[in-house]
Amino acid sequence: MNNNGNVQPELSSDVELDLRGVICPYNFVKTKLKLETMEQGQVLAVLLDDGDPIKNVPRSVENEGHTVLAQDRVGSAYRVRIRREETD
């Protein structure tokens, strides 16, 4: 195992959801509904547009109790990786 600090943990996704072109709040609603179908600990990758979607969706899923693992720029969009947590 390389321990030089430059290695990122593996961020594979169990499911990917392309929400480019989907406006707020529908992109959050679709993300939340998809997370509800997943098992605890699974990772959902969501493609979101710049602007309000990338500002609002990660914050909203964290408010729901899930964990945002990463946000990566992909062209003009972002890929957000979210780990589904057990929520009450």
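Quick notes on this structure:
To keep it simple, each residue is scored yes or no on (1) acidic (Asp, Glu); (2) on the phi > 0 side of the Ramachandran plot.
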site	(1), (2)
ASP14	yes, no
ASP18	yes, no
GLY21	no, yes
GLY41	no, yes
ASP49	yes, no
PRO53	no, no
THR67	no, no
THR87	no, no
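- Those residues of the range 32-60 which are β-branched (Val, Ile, Thr) and either under 14 Å from TYR78 (Cα atoms) or loosely packed, with under 13 Cβ neighbours inside 10 Å (or both), in sequence order: THR37, VAL46, ILE54, VAL57
- Residue under evaluation LEU69, criteria (1) open to solvent by 20 Å² or more (accessible area, probe 1.4 Å); (2) in a loop (DSSP other than H, G, I, E, B); (3) of a type in the set (A, V, I, L, M, F, W, C), criterion not met: (2)
The values are calculated or read from the model by the stated rules, or taken from the named source; none is laboratory data. Predicted model, so just to flag it, every value in this text is computed and none were measured. For neighbour counting, all protein chains shown are included, and Cβ atoms are generated from backbone atoms with ideal geometry for every residue, glycine included. Surface accessibility is based on the protein's heavy atoms, side chains included, excluding ligands, DNA and RNA. Shrake-Rupley method; radii C 1.70, N 1.55, O 1.52, S 1.80 Å.
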